[in-house]
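Structure first, commentary second.
Nothing in this text is a laboratory measurement; each read-out follows from the coordinates by a stated rule. None of these values were measured; they are calculated from a predicted model. Counting neighbours? That spans all protein chains shown, and the Cβs are built from the backbone with ideal geometry, glycine included.
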Amino acid sequence: MSDTYSAQRAQRYDRVWRTYTARTHEMVLALLDFPALEDTRARRGEPVRLLDIGCGTGLLLAKLLDRLPQAAATGVEASDAMLARARVTLAAHPAVRLERAALGPGETAGLPFAPATFDLVTCTSVLHYLAEPVAALAGVRRLLAPGGQLVLLDYARPGPRQLRLALDPLLRWGDPGYRRAYTLTEARALCAQAGLRVAAERTLAFARLFHVWAVRALA
């Protein structure tokens, strides 16, 4: 998550990244095990509890609530400007809890929630910001309730070393918070080191050199 978004950039975000967000959100929804979430709700007799880490302008939360309208939803985001946009996007869902927080290391990934709080955690386009990805993912794992799901999505690290050397400075120039991207194989390894088991995965090619991966992981 990056706190470098100005109000102007946040206002433009949905328009500039419209295709990216639409297609990646489709990936997230396709990966989710909705029957398992419904079973959890029925067994417990309470709404599904979901958390979107790096919720941005709130578009993914809105789509999740379309599918899970009774869910108790929370979004965290490091940028005040993006949170302001999320409040507009989610105006029809006044019960959604939105907080300024950044994912990081710690018992519960640096987030202000108790362990075993959430049945579903989504985290899209955030991994490339993290200085300690394994520690952060281990903290997210502790936030999952028994049977909970994590859907993790990010753009893929380019393969050839020469290409990475050319693209990484460009990405950091465009977003100073960027650290590094990961291949799907590397993402699986990070999940395993954090104690997460990858149960399903998807990939998407936007262009020859720009791919996205997503995984659904269980504790």
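For the chain, the extents of the C-alpha atoms along the principal axes are 54, 38, 31 Å, listed from largest to smallest.
Taking amide hydrogens as placed 1.01 Å from N in the peptide plane, the amide H of Gln149 sits under 5 Å from those of Leu120, Val121, each at least 5 positions away in sequence or on another chain. Between Arg197 and Arg43, residue separation times 0.36 nm minus the direct Cα-Cα distance comes to 53.1 nm. Near the amide H of Ala199, within less than 5 Å, lie the amide hydrogens of Arg216, Ala217, Leu218, all on another chain or at least 5 residues away, with H placed in the peptide plane. Listed values for the stretch 47-54 are Karplus-derived 3J(HN,Hα) couplings in whole Hz (6.51 cos²θ - 1.76 cosθ + 1.60, θ = phi - 60°), namely x, 4, 9, 10, 10, 10, 8, x, and x replaces Gly and Pro. Give me the angle, in degrees from 0 to 90, between the Cα long axis of helix 18-31 and the longest principal axis of the Cα atoms of the chain, rounded to the nearest 10. For helix 18-31, the angle is close to 50 degrees. For the stretch 19-38, backbone nitrogen atoms closer than 19 Å to the point 7 Å from Ala116 Cα along Cα-to-C-beta are found at 37.
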